[in-house]
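First comes the structure, then the notes that go with it.
The values are calculated or read from the model by the stated rules, or taken from the named source; none is laboratory data. Given the structure is predicted, the values throughout are model-derived calculations rather than measurements. Cβ atoms come from the backbone with ideal geometry, glycine included; neighbour counts cover every protein chain shown.
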Amino acid sequence: MKIQIHEPKIVPDGKHIGVITAVEYRKEPFEYTDIIIGFKENEIDYSVKCGFPTMVTPISKLGKLLTKFGEKLKIGDEVDPDVLIGLQCQFVTITETTNKGKFAKVVQESIHPVDM
C-alpha cells in the first residue's frame, strides 16, 4: 500500500474556536482521558488533543472541564465524558518544543464553551 506524503500542518499559537470531535481513553503510562478538538483556520483543517487524568472529582481537571460544559457532578453518581462530543469550544494553543520536536499544546485551563 502506498501512502501520500503531506506537508506538516503547524497549528498557529493563540485562541481558536473548534468542536470536540472525540474522547479517547488511554492507560499508558497513566490513565488519561484525551479530548480531541477539530477546527479550521485559513482553509486548513486541524485536530489537536488535550489529555486529562481520568479522575472525576469536583476539583479535578476533568471534573472542572465537565462542569464548564454544564455537567452537574454529584458524589457517587457517574458521568460519561463522551457528553462533550459535538460541543463547540474555545481554547488556546502554544508551541512547545521537546526532544521529539515542536508541537501545538492546548492549554488545559483555556478550554471552555464558546461565549454566546
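Count of the stretch 95-110 residues, restricted to those that are closer than 11 Å to LYS15 by Cβ and aliphatic (A, V, I, L, M), is 1. Of the residues making up the stretch 38-78, just one is exposed (fewer than 11 other Cβ atoms within 10 Å of the Cβ), at pLDDT 95 or above and within 22 Å of GLY18 (Cβ to Cβ), namely GLY70.
Suppose the filter is farther than 16 Å from GLU109 by Cβ and among the aliphatic types (A, V, I, L, M); does VAL48 pass it? No; evaluated as a whole, the condition is false for this residue. Could you go through the stretch 84-95 and let me know if any residue there is surrounded by fewer than 12 Cβ atoms within 10 Å (Cβ to Cβ), at pLDDT 95 or above and under 26 Å from ASP115 (Cβ atoms). Scanning the stretch 84-95, I find at least one residue that is surrounded by fewer than 12 Cβ atoms within 10 Å (Cβ to Cβ), at pLDDT 95 or above and under 26 Å from ASP115 (Cβ atoms), so the answer is yes. Restricting attention to the stretch 82-95, does a residue exist that is outside any strand (DSSP E or B), within 17 Å of the chain's Cα centre (by Cα) and among the polar types (S, T, N, Q)? No. The set of residues in the stretch 11-29 being over 19 Å from HIS112 (Cβ atoms), in contact (Cβ under 8 Å) with a residue 24 or more places away in the chain and either part of a loop (DSSP other than H, G, I, E, B) or among the small types (Gly, Ala, Ser) (or both) consists of PRO12 alone. Condition check for THR33 on (1) among the polar types (S, T, N, Q); (2) surrounded by 17 or more Cβ atoms within 10 Å (Cβ to Cβ); (3) over 17 Å from the mean Cα position of the chain (by Cα): one failure, at (3).
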